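Everything on this sheet refers to the single structure shown next.
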Amino acid sequence: AALDLERGAKIDLSGSPIVRNIREGDWLLCYLIQRLRDLPTLQGVRDWLASMQAILAKFPRDLVPFHFDYAVSELCAAACRAVIQGSGTFVSGCSGRSPLFRDL
């Protein structure tokens, strides 16, 4: 999710500006956590990101972009599942069979 544009461009991801920035520091993760501070309904997401930050702090910096991207992708997938499950029966019933609903 975080690196989808770079991955789609088929460039060497190690030289990507976002990968370089994630490798050099935690600014993006800190920014995401900070943005969620004023949204009490997303406190669980904020806490999850903070725990992810603590785990990633133990990793060698060269591995952080990969794991950051994996975690953010999983977070996006979980958010999509929650939206679909919280939708009406038409959307939730069709989402597994229809590429249109799945890709929305």
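The values are calculated or read from the model by the stated rules, or taken from the named source; none is laboratory data. Note that the structure is a prediction, hence the values are computed from the model and not measured. Note: accessible area is taken over every heavy atom of the protein model, side chains too, but ligands, DNA and RNA are not part of it. Shrake-Rupley method; radii C 1.70, N 1.55, O 1.52, S 1.80 Å.
Observations
- Per-residue extension of 0.36 nm, minus the Cα-Cα distance of ALA50 and VAL83, leaves a gain of 9.6 nm for this segment.
- What the phi angles of the stretch 15-20 give under the Karplus curve with 6.51, -1.76 and 1.60, with θ = phi - 60°, is a coupling list of x, 5, x, 5, 5, 4 Hz, glycine and proline written as x.
- Extension gain for ALA57-SER73 works out to 3.9 nm (0.36 nm per residue, less the C-alpha to C-alpha distance).
- Per-residue surface analysis assigns TRP48 an accessible area of about 100 Å², computed on protein heavy atoms at 1.4 Å probe radius.
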